[in-house]
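J.: Below: one structure in structure tokens.
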Amino acid sequence: MELASCTTLEVGGEARRFVRAPDDRALCEEISACDARGEKVFVLGGGSNVVFPDEGFDGTVVHVETRGIVFDGDVIEIAAGEVWDDFVAFAVQSGRSGVECMSGIPGLVGATPMQNVGAYGQEVKDTLAHVRVWDRQSARVMTLSAAECRMSYRHSMLKETSRFVVLRVAFTLARTNESAPIRYAELARALGVAEGARGPLGRVREMVLSLRRGKGMVLDASDADTRSAGSFFVNPTMDEKAYDALVARAGEKVPRFDQEGAVKVPAAWLIERAGFSKGTARGRAAISTKHALAITNRGGATAKEIVSLAREVRDAVEKRFGVKLSPEPILVGHEL
């Protein structure tokens, strides 16, 4: 199987072996069999947050295709193989609040707790109830609480280890047709409400999709900018001292977002001021024409070209500002 056809970035060679897992049992059994053979294994979801090498993957790629949604009061448990945005749309239509600001994020449900997916002021950790996983070490299904997942900005314990394979993800969502409080200034302005106010679920979802579409962050076959892995770099966080040093080095006010005792700085701002304007290209790899945080495949790009541009961007930002950007996608067989 050509892995380029399984990812939104559309790069990557062939997997030595490609297996589809239609249910939890098949997924667990396949992972266990690979472990017993001492074989490399990669669990693939929607392919929206991974960069495979041009040489392919010398092992088994297991594609998660599990389905199902179960209700237990305010808790909704969703199979890892469900499309994330389909679930968000379902929640909004069902009058369940708490994930509407994460509309339009590509990928499958199973990937969301791994890096604590978030957008427009909402994060998975805000409403996560628990995660059911296959523990490769003990060869059994376990339930991890939200606390046990140790979630922080774009990170969780699940991202640190290959021990756990996500089977199902559960959220506690309020039964209401109003959104959670709007905590993102851009979204509040677009909705015409004050920060902290609420809005109709359907309208909030539509506005988030509109904002994401304007940045090329909604999958659209007619838009080359969406041939990407989404945001390629994580917005850096730092303490006040480091932020002050950054401002001094920049020689101008640097945008900031305060959160949980730290300062978050927009990576896109750093990238553009380091000399990479929207649309900057290196061969067939390019910065998105809509958002400087995305690296896109302009057609026929190789993984090597994508990673080379990412390295150039990272090095330029570090040289200019002393801030080292970290990649957001999983880089298989590559290092920045």
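The values are calculated or read from the model by the stated rules, or taken from the named source; none is laboratory data. Source: prediction; values computed, not measured. Ideal geometry is used to build each Cβ from the backbone, glycine not excepted, and the neighbour counts take in all protein chains shown.
J.: Scan segment 199-232 residue by residue and report those that are out of contact with any strand residue (DSSP E or B) (no Cβ under 8 Å at 6 or more places or on another chain) and acidic (Asp, Glu).
T.: Residues satisfying the conditions are Glu206, Asp220, Asp223.
J.: Please go through (1) under 21 Å from Phe87 (Cβ atoms); (2) buried (at least 20 other Cβ atoms within 10 Å of the Cβ); (3) in contact with a strand residue (DSSP E or B) (Cβ under 7 Å, 6 or more places away or on another chain) for Arg175 and return the number of the only condition it doesn't satisfy.
T.: (2)
J.: Now, a different point. Six or more apart or on different chains, Cβ atoms under 8 Å: show the pairs whose first residue is in segment 131-151 and closer than 18 Å to Gly38 by Cβ and assigned to a loop (DSSP other than H, G, I, E, B) and whose second is aromatic (Phe, Trp, Tyr) and at pLDDT 95 or above.
T.: These pairs meet every condition: Arg136/Phe164.
J.: Another question, if that's okay. Out of all the residues in segment 31-47, is one or more touching a residue at least 24 places away in the same chain (Cβ under 8 Å), more than 17 Å from Phe164 (Cα to Cα) and charged (D, E, K, R)?
T.: No - not one qualifying residue is present in segment 31-47.
J.: Can you say whether Arg168 is over 18 Å from the mean Cα position of the chain (by Cα), within 22 Å of Ala89 (Cβ to Cβ), surrounded by 15 or more Cβ atoms within 10 Å (Cβ to Cβ) and assigned by TED's automatic domain parsing to the domain that holds Arg96, as far as the supplied structure shows?
T.: no
J.: So which residues in segment 3-55 are in contact with a Leu (Cβ under 7 Å, 6 or more places away or on another chain) and part of a loop (DSSP other than H, G, I, E, B)?
T.: Thr8, Gly12, Gly13, Gly45, Gly46, Phe52
J.: Test Ala119 against the criterion of being touching a residue at least 60 places away in the same chain (Cβ under 8 Å), crowded, with 18+ Cβ neighbours inside 10 Å and not acidic (Asp, Glu), and give yes or no.
T.: The answer is yes for Ala119.
J.: Kindly indicate whether Ile105 is in contact with a Gly (Cβ under 9 Å, 6 or more places away or on another chain) and part of a strand (DSSP E or B).
T.: no
J.: Quick one: Lys241 ticks every box in (1) part of a loop (DSSP other than H, G, I, E, B); (2) modelled with pLDDT of 95 or more bar one, so which box is it?
T.: (1)
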